[in-house]
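J.: Handing you this structure, nothing more for now.
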Amino acid sequence: MELRIAGTVNDSIVDGPGIRFTIFVQGCPHNCKGCHNPQTHDFNGGTLTTTEELLEKIKGNPLLDGVTFSGGEPFCQAEALSVLGKEIRKLGLNIVTYTGYTFEKLYDDRAENHWQELLEVTDILIDGPFILEQKDWEIKFRGSSNQRYIDCRKSLAEGRVTEAEP
């Protein structure tokens with residue numbers, strides 16, 4: 001399945017716990033002021049790849065603890081990422097997904113656009129738009145203090161946000 005990406009990082013230590021393969025998807029509707037990755041906003045930018053190609057790269061790094069879906073906005077390509085996520089989980093790796101949407105928005109609209117499937121393969125969801133005025137260098141794996149580090153599986157089971165410790 002095709003996926004439009006801005007790029008990847010083979011061994012990130014800043015996009016979630018442990019050593020991670022990070023996929024930066026291309027395209028974002030949020031356009032947050034001060035965004036760390038503004039080059040990922042254009043839905044026509046980046047390059048096309050396949051979930052199979054990305055999976056082979058992930059399999060090629062035996063040191064990985066997990067994979068991070070970042071952006072851009074991963075939920076704009078939820079179908080392809082959920083397909084990839086199912087294969088990643090078979091490898092025993094965890095998944096962190098960053099989103100500019102809130103968990104509540106994704107949960108309420110989960111039947112649309114394959115959002116449910118992407119939520120189901122996500123272990124940790126980091127939600128909320130980046131807010132420049134709330135930028136905080138002290139919090140782990142987030143850019144602004146409004147963003148939450150969410151146990152996605154528990155939150156889905158309970159139907160409400162359950163935050164986790166990074």
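J.: Suppose the filter is touching a residue at least 60 places away in the same chain (Cβ under 8 Å), within 21 Å of Q147 (Cα to Cα) and either crowded, with 17+ Cβ neighbours inside 10 Å or out of contact with any helix residue (DSSP H, G or I) (no Cβ under 8 Å at 6 or more places or on another chain) (or both); does G72 pass it?
T.: yes
J.: Filter region 8-39 down to residues that are of a type in the set (G, A, S) and in contact with a Ser or Thr (Cβ under 8 Å, 6 or more places away or on another chain) and give me whichever is nearest to P129 (Cα to Cα).
T.: Of everything passing the filter in region 8-39, G27 is nearest to P129 (Cα to Cα).
J.: Kindly check whether there is at least one residue in region 130-140 that is without any contact (Cβ under 8 Å) to a residue 24 or more places away in the chain, open to solvent by 50 Å² or more (accessible area, probe 1.4 Å) and within 17 Å of G16 (Cα to Cα).
T.: yes
J.: Tell me the residue from T8, T49, T22 that is modelled with pLDDT of 95 or more, open to solvent by less than 20 Å² (accessible area, probe 1.4 Å) and more than 22 Å from I139 (Cβ to Cβ), please.
T.: Criteria check complete, one pass: T49.
J.: Can you say whether N31 is within 23 Å of L125 (Cα to Cα) and surrounded by fewer than 18 Cβ atoms within 10 Å (Cβ to Cβ), as far as the supplied structure shows?
T.: Spelling it out, N31 is indeed within 23 Å of L125 (Cα to Cα) and surrounded by fewer than 18 Cβ atoms within 10 Å (Cβ to Cβ).
J.: Which pairs turn up if I take residues in region 88-111 that are open to solvent by less than 80 Å² (accessible area, probe 1.4 Å) and look for partners that are of a type in the set (F, W, Y) with beta carbon separation below 7 Å, at least 6 apart in sequence or on another chain?
T.: Listed by first residue and then by second, the contacts come to I95/F69; T97/F69; Y98/F69; T99/F75; Y101/F75; L106/F75; L106/W115; D109/W115.
J.: Taking interchain pairs and intrachain pairs at least six residues apart, which have beta carbon atoms under 7 angstrom, with the first residue in region 10-39 and closer than 13 Å to G66 by Cβ and the second buried (at least 18 other Cβ atoms within 10 Å of the Cβ) and basic (K, R)?
T.: Taking only residues 6 or more apart or on different chains, the pairs are S12/R20.
J.: Another question about this same structure. Working carefully through the options R153, R160, find the one that is open to solvent by 50 Å² or more (accessible area, probe 1.4 Å) and under 15 Å from the mean Cα position of the chain (by Cα).
T.: R153 is the lone residue from the list that is open to solvent by 50 Å² or more (accessible area, probe 1.4 Å) and under 15 Å from the mean Cα position of the chain (by Cα).
J.: Something else now. Go through (1) free of Cβ contacts under 8 Å to residues at least 60 places away in the same chain; (2) crowded, with 23+ Cβ neighbours inside 10 Å; (3) farther than 19 Å from K154 by Cβ for T122 and report which single condition fails.
T.: For T122, the exception is condition (3).
The values are calculated or read from the model by the stated rules, or taken from the named source; none is laboratory data. Computed from a predicted structure; not experimentally measured. Cβ coordinates were reconstructed from backbone atoms using ideal geometry, including for glycine residues, and neighbour counts include every protein chain displayed. Side chains included, ligands, DNA and RNA excluded: accessible areas come from the protein's heavy atoms. Shrake-Rupley method; radii C 1.70, N 1.55, O 1.52, S 1.80 Å.
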